[in-house]
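The values are calculated or read from the model by the stated rules, or taken from the named source; none is laboratory data. On a predicted model such as this, the values are computed, not experimentally measured, just so you know. Every residue, glycine as well, gets a Cβ built from its backbone with ideal geometry; the counts of neighbours run over all protein chains shown.
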Ligand SMILES: [Zn+2]
């Protein structure tokens with residue numbers, strides 16, 4: 001059984017879900033799929049913290065290219 005987190009409907013869906021292309025996964029369990037989004041948010045938080053510390057170090061935001 002494969003589980004996905006659907007970004008469109010903000011819920012866990014089985015492999016035969018809505019068929020939206022905006023799904024994260026597959027995951028082995030429903031719980032993992034549910035955690036997927038919070039893990040992404042955590043990573044974003046880390047990235048934001050890193051940007052802020054870079055800002056202090058270099059006096060400006062890192063430029064991405
Ligand atoms: Zn969906």
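Figures for the structure shown
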quantity: Pairs with Cβ under 9 Å, 6+ apart, first in region 22-37 and without any contact (Cβ under 8 Å) to a residue 60 or more places away in the chain, second more than 15 Å from the ligand (Cβ to nearest atom) and assigned to a helix (DSSP H, G or I); calculated: 24/40; 25/32; 27/35
quantity: Residue selected from region 20-44 under the condition over 13 Å from the mean Cα position of the chain (by Cα) and in a loop (DSSP other than H, G, I, E, B), by the criterion modelled with the lowest pLDDT; calculated: 20
quantity: Qualifying residues in region 3-18 (those that are over 13 Å from the mean Cα position of the chain (by Cα) and closer than 12 Å to residue 35 by Cα) - the one farthest from the ligand (Cβ to nearest atom); calculated: 3
